[in-house]
1. Has segment 231-254 got at least one residue that is surrounded by 20 or more Cβ atoms within 10 Å (Cβ to Cβ), of a type outside the set (A, V, I, L, M, F, W, C) and either without any contact (Cβ under 8 Å) to a residue 12 or more places away in the chain or within 27 Å of V300 (Cβ to Cβ) (or both)?
2. Could you grab me the full set of residues in segment 30-44 that are surrounded by fewer than 11 Cβ atoms within 10 Å (Cβ to Cβ) and at pLDDT 75 or above?
3. For segment 315-333, which residues satisfy the criterion of being over 20 Å from P275 (Cα atoms) and in contact with a Gly (Cβ under 8 Å, 6 or more places away or on another chain)?
4. Right, Y181: surrounded by 14 or more Cβ atoms within 10 Å (Cβ to Cβ), among the hydroxyl-bearing types (S, T, Y), closer than 29 Å to E283 by Cβ and more than 18 Å from the chain's Cα centre (by Cα) or not?
5. Name the residue that is surrounded by the most Cβ atoms within 10 Å (Cβ to Cβ), counting only residues in segment 108-163 that are of a type in the set (K, R) and out of contact with any Leu (no Cβ under 7 Å at 6 or more places or on another chain).
6. Can you tell me how many residues within segment 53-67 are loosely packed, with under 15 Cβ neighbours inside 10 Å and modelled with pLDDT of 95 or more?
7. For the condition in contact (Cβ under 8 Å) with a residue 40 or more places away in the chain, at positive phi and not basic (K, R), what is the one hit in G77, G85, G97?
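The values are calculated or read from the model by the stated rules, or taken from the named source; none is laboratory data. Worth saying up front: this structure is predicted, and the values here are computed from it rather than measured. Every residue, glycine as well, gets a Cβ built from its backbone with ideal geometry; the counts of neighbours run over all protein chains shown.
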Amino acid sequence: MAAVTSLKRFRRVVPNQRLDRASSSFVPAAAIAVAALAAAALINRNLAKKAEHDNPPAGRFLEVNGVRLHYVERGSGAPVVLLHGNGSMIQDFDSSGLIDLAAKDYRVIVFDRPGFGHSERPRGVVWTPNAQAELFRVALAQLGVSDAVVLGHSWGASVAVALALKYPNLVRGLVLASGYYYPTTRPDVVAMGAPALPIVGDILSHTISPLLSRVIWPLMLKKIFGPRSVPEKFGAFPKEMALRPSQIRASAAESALMIPDSLMLRGQYANLRMPVVIIAGEEDKLIDIDSQSAKLHSDVSQSTLHRLAGNGHMIQQTATDEVMSAIREAANASAQLAAAE
């Protein structure tokens, strides 16, 4: 009887001992993990401050509906507005040479969209294409612009479309470059949107995501520029600004919105009434040209489509002259339409 009682006690004690050992090993591991995340957050914060110090604002600021927007303006003539893609900023268009080309004949206005470059992105707003379109309408009014040719690249194309649908008298011509217009299955978008999640996203964007982004940066460039190599002029693009926690979170939020926004906009494209010039790289590895740009062309009767052979997603960098020609085409078509009316 005593032996049985001892055995029962042994069975009770051994699992408890194992639990105690597991608990005692978990606490130091958790402490190490927290310390590592804190160290990563501190490193990323210092790198972000250095990036902003090394890349001060090149333009001016507007206060629009409580949002501080950074913009660059060059040239004179009829207004042309450039809206960059997800994860990018003014320096993309600047390094490509497109701003200088357009400024020879037009008044060029380029914005850092909310959360990118030096523009703010308040947390209390879901920055859909419609929300950004409203922001830019007010910004352009402050700048005295009542009508303009608007070019949007990639995610910026969705903002340009939203602006044209909401304010057709403001957008007299539309240039849509490498855009995403119709919902498709995109598992990569789900993963890219993780840093936008509440709480978890903040932790990721301030700790792991910037460090991971530095590791995969060469692979990402290869994908978005392919099949072309990255042009030397893109070296002027401030990589460290793009890898700040705040910009990574903004980029993640736009990735998460990509499919839902295309669902909302897909039935409205036929309502566009201004001249629309669609331009995209035939070998875009990020967005399929047939299911996106070509389909949009079929849905917008007054549109033209330019398929650029041997080019990928970053056509503003690899086919700058062709993109400039698309701007002129939209401007000329809108001028002819205004004269006819």
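1. yes
2. Listed by number, the residues that qualify are A31, I32, A33, V34, A35.
3. Listed by number, the residues that qualify are I315, T318, A319, T320.
4. Numbers: surrounded by 14 or more Cβ atoms within 10 Å (Cβ to Cβ): yes; among the hydroxyl-bearing types (S, T, Y): yes; closer than 29 Å to E283 by Cβ: yes; more than 18 Å from the chain's Cα centre (by Cα): no.
Criteria not met by Y181.
5. The selected residue is R121.
6. 6
7. None of the others qualify; the one that does is G97.
Residue by residue, here is whether (1) at pLDDT below 95; (2) assigned to a loop (DSSP other than H, G, I, E, B) holds:
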site	(1), (2)
E120	no, yes
G124	yes, yes
E134	no, no
A139	no, no
